[in-house]
Each structure stands twice: as C-alpha cells, then as structure tokens.
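The next block holds one structure in the form of structure tokens; read it before the comments.
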Amino acid sequence: MNGKPILWIIIPCYNEEAVLPITAPQFLKKILDLSAAGLISSRSRVCFVNDGSRDRTWELICQFAKQDEHFIGISQSRNRGHQNAVLAGLMEAKDKCDVTISIDCDGQDDINAMDEMVRKYLDGAEVVYGVRSRRDTDTFFKRFTAEGFYHLMNLLGADIVFNHADYRLISSRVLESFADYHEVNIFLRGMVPLVGFPSATVAYERHERLAGESHYPLSKMLSLAFDGITSLSNKPIRLITGIGMLFSLVSFIGVVWAVVLAFMGSTVAGWASTICIVCLVGGIQLVCLGVIGEYIGKIYMETKARPRYIISERTWAPYERKYHG
Ligand code: UDP
Ligand code: MG
C-alpha cells in the first residue's frame, strides 16, 4: 500500500439539528486522532449525508464545512430513508477515498471502535462489521424483536451478521463491486456479505441517543424487517407452496371421507365443518396472495429502476442558478 489510506466517515442525518453539534466534533476528533496515530491519511473526511431534513441540519453541515476542511456534506433532494442515504454517501465516496466507515449521527454507536476497525482493515480485512456486544440500553421489547429478527433472517436463508446494524467499514474495492448491485430495494446489511471479500468483526457497546428522537418507530422497524426478508430470500414463496400442497392433501382426504360418509348414508347437516374449512382455506389463500403480491410489488419497483438517490447539493460544489439575459 502506498501511503496511508484516506478514510471517509459516512453519516446519514435526518432532522438531527439537536444532536449534530454534539457529535460532529467527536467525529472530527476521531479523524484527527487516527491520522495523528499514523493509521489514516490527514486527507480523510467526515461526510454527512443530509437525507432531506426539514430542520436546520443542512445549514449546520454547511457551517461545519466552512469551519473545517475535514467536514464535507452532500444533500439528498428529498427524504429517502436511512438505507438510501447511506448508499448515496458510499457511492459518492468510493472513487474519492480508500476506505469508508458508515455510522449513525446520534452517538449511539461507540466511535472508539473505529480504531480497531481501521487496524483490521490494515491487517487485510476489506469489510469490518461493528457488532453490538450488549443491548442493555434497549428496552426488553426492542431487544427481543431485534434479536428475533436476526434469527428469523438466518432461518430464511439471508446471510446476515448477528447484532450488526449499519456501523461498518467497507473498502473502496468492495464498494466498486457493490456498485454493480443495481437493485432498488436495498437492505445493506444483507447485501454487503453477498459481495464477499475477507471480513472481520469488531464488538462495541451501544449507548443511548445523545439528543433528539429515534426515527425508527415499531412500524418502520417492521417494514425494514419485511423488506429485508423479501429482498434477500425466496423462502417465503417456497413455504407457501409447501403449505398449499399440505392443505391440498388434507382437503383431498377430507373429500374422500365426506364421500364415504355420504354413501354410508350417515351425513348430517355439516354446517360447522364446512364453515371451518372455508374460513381456514380462505385465510391461508389470502396470506399467500399477500406474500406473493409483496414479491410482485418488488419486481414492479425493480423494473422501473428509478434512481436510488438524488444528490441535490454538495458542500464543495453548491448549486447555483443559471440566469439568462
Ligand atoms: N436517518 C436517515 N433518514 C431517515 C431516518 C433516519 O438518514 O429517514 C438517519 C438518522 O439521522 C440516524 C440514523 O439514520 O443517523 C439512524 O436513525 P435513528 O437513530 O433515528 O434510528 P435508531 O437508532 O433509533 O434505530
Ligand atoms: Mg439511533
């Protein structure tokens, strides 16, 4: 390797005016410390990705960029969600640096784990996953649902790293290959392992948010989990086929049984059993249709192949209107 690697820390921000003034100096200090320790180049950057915030987040980012050259930012033309914001940052960074670390801007993930990540990168790992060692600060409910989610994902065949969220180091070499994954439904923590290359993990403790509020209520968590499963695995469709076959078999036996009873002349008004079967089968069919519909919906979005992010501004190249005449 010639010289020291240029690191870009990619930080998605959505309505984070309360927490940015606290965490931005911490990120800057981390870059300066790492470069003073001789691990990374002094041309490393802290890159904020404004995800269409409605508050003063972008103004703050522009201010930081004016104050210190290590701070830079890009802004998305509208809110597209956390995954797309991280992707925008990574794709922006891939040709301009050697290695990236993505992290949330709220101080929940321990930035001191970055030292270890960079060391593992220098030792040859191309992807380093940050893995939570404890979930003490999460509520029982969040911990239970989150861990259940990882187990379910693995059961369904998606290769994801247990207790790893989106705090990870990725080298530009991996990002170069990752850019060839053109899908619109993105679930980064499931997609990065698919790219391959040597990887490592670093354990860290997760803290409370330093300020502001979480943007991930239960409904968004469920939708992320559902997206994760349906983007990465076809097993639910197989499962449905299996259930369908099982029930066809059971109904076939039921039909034979009913015919035999009828011939024996012992049929009674079978209202209850009829209703039960109708309801059961109807219910299963609806669930199956729903799941299949979900996949068709995904195909629909993929065939449209809309852009996954649109960068409207950069701190180093602000948009200027062209006036004619
Ligand atoms: N975020 C984003 N776009 C969104 C929602 C969230 O860029 O639409 C960012 C947010 O600013 C933060 C990170 O994603 O840096 C994680 O969000 P949050 O802390 O609200 O989620 P939690 O940690 O509670 O799961
Ligand atoms: Mg958070």
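We did not get these values from a lab; they are worked out from the coordinates using the rules stated. Bear in mind that the values here come from a model prediction, so they are computed numbers and not experimental data. Every residue, glycine among them, receives a Cβ derived from its backbone with ideal geometry; neighbour counts consider all protein chains shown.
Given points 7 Å out from each Cα along the Cα-Cβ axis, report the residue 321 to residue 119 separation in nanometres with one decimal.
5.4 nm
So if we plug the beta-carbon distance of residue 287 and residue 140 into 1/(1 + (r/R0)^6) with R0 = 35 Å, what FRET efficiency do we get, rounded to 0.05?
My answer for the efficiency is 0.75.
Return the distance in nm (one decimal) between the two label points of a simple spin-label model at residue 183 and residue 263, each offset 7 Å from Cα along Cα→Cβ.
5.2 nm
In what sequence, highest mean first, do 144-152, 97-105, 20-28 appear when ranked by Cβ atoms within 10 angstrom?
97-105, 20-28, 144-152
Mean 1/r over all different Cα pairs, inverted: what Kirkwood radius does the chain give, in Å?
Values: mean 1/r = 0.0445 Å⁻¹.
Radius from the Kirkwood sum: 22.5 Å.
Round to the nearest 0.05 the FRET efficiency obtained for residue 67 and residue 226 when R0 = 56 Å and r is the Cβ-Cβ distance.
0.85
Can you tell me the 0 to 90 degree angle between the C-alpha axis of helix 140-155 and the longest principal axis of the chain, rounded to 10?
70 degrees
Give the peptides 192-201, 158-167 in descending order of average Cβ contacts within 10 Å, highest first.
Ranked from most to least packed, the peptides come out as 158-167, 192-201.
May I ask for the distance between the Cα centers of segment 85-126 and segment 290-323, given as a whole number of Å?
23 Å
Work out which trypsin sites (Lys or Arg not before Pro) in the chain are exposed loop sites (DSSP not H, G, I, E or B, at most 11 other Cβ within 10 Å) and give the longest gap free of them.
Longest gap between qualifying sites, sites excluded: 79-320.
Could you work out the mean projected area of the convex hull around the alpha carbons of segment 193-325, in square nanometres to one decimal?
Convex hull of Cα atoms, orientation-averaged projection: 19.5 nm².
Normalised by the empirical 2.2 N^0.38 Å for globular proteins, what value does the Cα Rg of segment 124-205 take?
Against the compact-globule rule of thumb, the ratio is 1.16.
HN-Hα J couplings of segment 36-50 from phi, Karplus 6.51/-1.76/1.60, θ = phi - 60°, integer Hz, Gly and Pro as x?
Rounded to whole hertz, the list is 5, 6, x, 8, 10, 6, 6, 8, 5, 9, 9, 10, 8, 10, 7.
Could you compute the FRET efficiency for residue 205 and residue 155, with r as their C-beta to C-beta distance and R0 at 25 Å, rounded to 0.05? Walk me through the numbers on the way to the answer.
Values: r = 27 Å, r/R0 = 1.09.
Taking R0 as 25 Å, the efficiency between residue 205 and residue 155 is 0.40.
Taking the alpha-carbon distance from residue 30 and a cut-off under 17 Å, which lysines remain once sequence neighbours fewer than 8 residues away in the same chain are dropped?
Correct list for residue 30: 4, 120.
Using label points projected 7 Å from each Cα along Cα→Cβ, tell me how many nm separate residue 247 and residue 29, to one decimal.
For residue 247 paired with residue 29, the spin-label model returns 5.9 nm.
Can you tell me the orientation of helix 57-67 relative to the chain, as the angle in degrees between its alpha-carbon axis and the longest Cα principal axis, to the nearest 10?
30 degrees
Cα centroid distance between segment 186-226 and segment 1-77, in Å?
20 Å
Considering all alpha-carbon pairs of segment 8-65, what whole percent are spaced by more than 18 angstrom? The partial results should precede the final answer.
On the way: 548 of 1653 pairs.
That tail contains 33 percent of the Cα-Cα pairs.
Using DSSP to define loop residues, name the chymotrypsin sites (Phe, Trp or Tyr not before Pro) in segment 226-317 whose beta-carbon has at most 13 other beta-carbon atoms within 10 Å. Walk me through the numbers before you get to the answer.
Working: sites: 226, 247, 252, 257, 263, 271, 295, 300, 309, 316; in loops: 309, 316.
Filter output for segment 226-317: 316.
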